[in-house]
Amino acid sequence: SKPVAVGDEVDVALDWERRWAHATQHTAQHVASAVCEDWLGAPTLSWHLGETDATVELGSPFTPAHVPELEDRVNALIRDDIQVETEWHSASDVKDCKVPGLRASSCSLPASVTGPVRLVRISNDVDVNPCCGTHVRNLAHLQAFKVIRTEAKRGGNTLVYFVAGARPPPRLRA
């Protein structure tokens, strides 16, 4: 194997099943995080895409007692057939929170970011966030959102294990 030079032709093999699984889990994380921030003021501290499920670490005041309501709220948004789009803005507009709908928690970018910033906008004021990941085009593609379990973490935080897209049915049959 040799380095690829500008202008070289290359063949790319895309694992569509894996990419779609990541897009559904990642978009579901955006929605769950937005719901928890709007509903409870619970910040997202970290998230992870795994082979069988995904996790999002939520800060206080989220607790395991909130799981049924979180599932209901996320699944209601999935049923609402909401569009997911991407858009580009200047780094200064993002840093200065001048983008309509952008969360204050999303306005801090590293000083090294100077070029255009890609934002993901989930319509109906669900979420606007800087993100370079893969996403579905419509929340209906998520099909369903199910929390598998929760785990207490440091400082009163809660790690939420969840599945979305094609992953809930097999997990629910287990």
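Annotations for the structure displayed:
- Accessible area of Trp47 (1.4 Å probe, protein heavy atoms only, ligands and nucleic acids ignored): about 120 Å².
- For the chain, a Gaussian network of Cα nodes joined below 10 Å ranks Ala152, Ala164, Ala42 by mean-square fluctuation, and the top entry is Ala152.
- Under a Gaussian network description of the chain, with springs only between Cα atoms under 10 Å, the residue in Val113, Val12, Val31 that fluctuates furthest is Val12.
- The heavy atoms of Leu159 offer some 20 square angstrom of accessible surface to a 1.4 angstrom probe.
- Highest average packing first - 51-57, 140-146, Cβ atoms within 10 Å: 140-146, 51-57
- Using only side-chain charges placed at the Cβ, +1 for Lys and Arg and -1 for Asp and Glu, the dipole size of the chain relative to its Cα centre rounds to 360 debye.
- Cα-based shape type of the stretch 26-129, given that a ≥ b ≥ c are square roots of the gyration tensor eigenvalues and the cut on a/c is 1.5: prolate
- With the whole protein complex present, Thr86 retains an accessible surface near 70 Å², based on a 1.4 Å probe.
- Our helix-only sum for the chain, with -39,500 (n - 2.57) per DSSP H run of n ≥ 4 divided by its residues, gives a mean residue ellipticity at 222 nm of -9000 deg cm²/dmol.
- Arg154, Arg18, Arg73, ranked by accessible area, largest first (probe 1.4 Å): Arg154, Arg18, Arg73
- Anisotropy class of the stretch 126-174 from Cα gyration tensor, a/c 1.5 cut: oblate
- Counting only protein chain heavy atoms and rolling a 1.4 Å probe, the accessible areas of Arg103, Arg137 rank, largest first, as Arg137, Arg103.
- Here the contact order of the stretch 16-174, divided by its residue count and restricted to Cα pairs under 8 Å and six or more residues apart, works out to 30 percent.
- Phi-based couplings in Hz for the stretch 58-71 (Karplus 6.51, -1.76, 1.60; Gly and Pro marked x): 10, x, 4, x, 5, 9, x, 5, 7, 4, x, 5, 4, 4
- Kirkwood-type radius of the chain, with distances r between different C-alpha atoms, in Å: 17.3
- Interchain or long-range residues, amide H under 5 Å from Ile148's placed H: Tyr161, Phe162, Val163
The values are calculated or read from the model by the stated rules, or taken from the named source; none is laboratory data. None of these values were measured; they are calculated from a predicted model. Please note: Cβ atoms are built from the backbone with ideal geometry, for glycine as well, and neighbour counts cover all protein chains shown. Note: areas computed on protein heavy atoms with side chains; ligands, DNA, RNA excluded. Shrake-Rupley method; radii C 1.70, N 1.55, O 1.52, S 1.80 Å.
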